[in-house]
Amino acid sequence: MSQGHIISLRKGPKAGGEEDEWYSMMWGDQKFSSTTKGGSEDEGGESACKKRKGSSASARNRQAKPSVPAFDGSTADCQDGSSGGGGEASSSAGSIAGGWSIPLARSSAPGKSKKVAQEHKELDKCEAIVLQARQIKTQMEDNRNVMQVTLKKVNDILDKLSNRLTDDATKFFIEIIRQEGAGCRAEGVWQQLTESKTLVAGISQFVEAVQDAEASPETIRDRAQNIKSLGVKLPRNINSVICRRAAEELMFSGEMDKVFEFLDPNAKDDHAHGICSILPDNDLMDAAHMDKVTKDFQIFCLTELINKTLLKEVELLG
């Protein structure tokens, strides 16, 4: 170039919008960035709009996060937030579902657990009655208590057992066995109730015969044999009751000579149910003790026979 040219850069006219910002960046003049009235109002408006949007989003986020109510047995639907809050609303919906998962399970559990508790309570009652039946059996096997067992006490237990074996009660057991399967507790209790009822019914018949003054010795003997077959080990003193009843029959029929034969230990072949039936085995005691037991029973039996004979004559005279 032959002649130098001076290029002068001058500030151009004021521009608005993006041109003002670029102009300010190039020339370092701050007045173009925010001095114009339009630019200031745009920035202020934009800032206020952002604040309003932020407040709305925060409000929506708060609405999308409801607190989990305490469980009161009711159910509620959980909805995911679809607008505002995004992932935060979604996580709160998940926490609601997670929070309700346990209460929903509990809402169905109490009914079932209550039914199971009632079933166990009923089974406990049945087992208590079975225990009473076993206690009666133990008393019948004790020579000190066998004559103390009353017919009323036995029949009370028999009634309790019968009430637990009605048609409705049987359906109760069948339902539990069907649910829990064979070998469950209900099956065992039902079997025990059935066996106990049979046992106590036999004991009731035996006690009734023993306490009935008109019962024959054969009746007492047959009923004693029945409960023996059910597992009751009657003490030997029951044989003394049967023997005394047999001696009474002979005496009231006028066969006094047979009464003495009946009470003779050596007449075992002719009177198998006589005094020999109440005596212990010979190898279990010495001869002296055997003689004492024999004489005691003979005296007791004859005294009872004489007293009853005299009382009967007095009644006839009266």
Too long at a 32 Å Cα-Cα cut-off: which of Lys228/Lys308; Lys114/Lys228; Lys115/Lys137? Lys114/Lys228; Lys115/Lys137
Cβ density ranking, 10 Å radius, fewest first, applied to Leu310, Leu279, Leu161, Leu234 yields Leu310, Leu234, Leu279, Leu161
What ranking, highest mean first, results for peptides 130-136, 176-182 when packing means the other Cβ atoms within 10 Å averaged over each residue? 130-136, 176-182
Computed ³J(HN,Hα) along the stretch 181-193: with the Karplus parameters 6.51/-1.76/1.60, θ = phi - 60°, integer Hz and x for glycine or proline, the list is x, 5, x, 6, 4, 4, 5, x, 5, 4, 5, 5, 4
Given the peptides 117-128, 193-204, arrange them by the average over their residues of other C-beta atoms within 10 Å, most packed first. 193-204, 117-128
Got a sec? How would Phe172, Phe262, Phe206 order by Cβ neighbour count within 10 Å, fewest to most? Phe172, Phe262, Phe206
From the cross-link list Lys121/Lys197; Lys258/Lys295; Lys121/Lys171; Lys197/Lys268; Lys153/Lys312, the entries with a Cα-Cα span beyond 28 Å are Lys197/Lys268; Lys153/Lys312
Of the residues Gly202, Ile306, Asn237, the Cα lying farthest along the dipole of the stretch 187-318 towards its positive end, which is defined by charges on the beta carbon of Lys, Arg, Asp and Glu, belongs to Gly202
Along the stretch 139-153, Karplus-curve 3J(HN,Hα) (6.51, -1.76, 1.60; θ = phi - 60°) to the nearest Hz, with x for Gly and Pro, reads 5, 5, 8, 9, 5, 8, 10, 4, 7, 9, 6, 9, 5, 4, 4
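The numbers here are math on the coordinates, done by the rules we state, and not lab data. In this text, all values refer to a predicted model and were calculated from it rather than measured experimentally. Neighbour counts run over all protein chains shown; Cβ positions are idealised from the backbone, glycine included.
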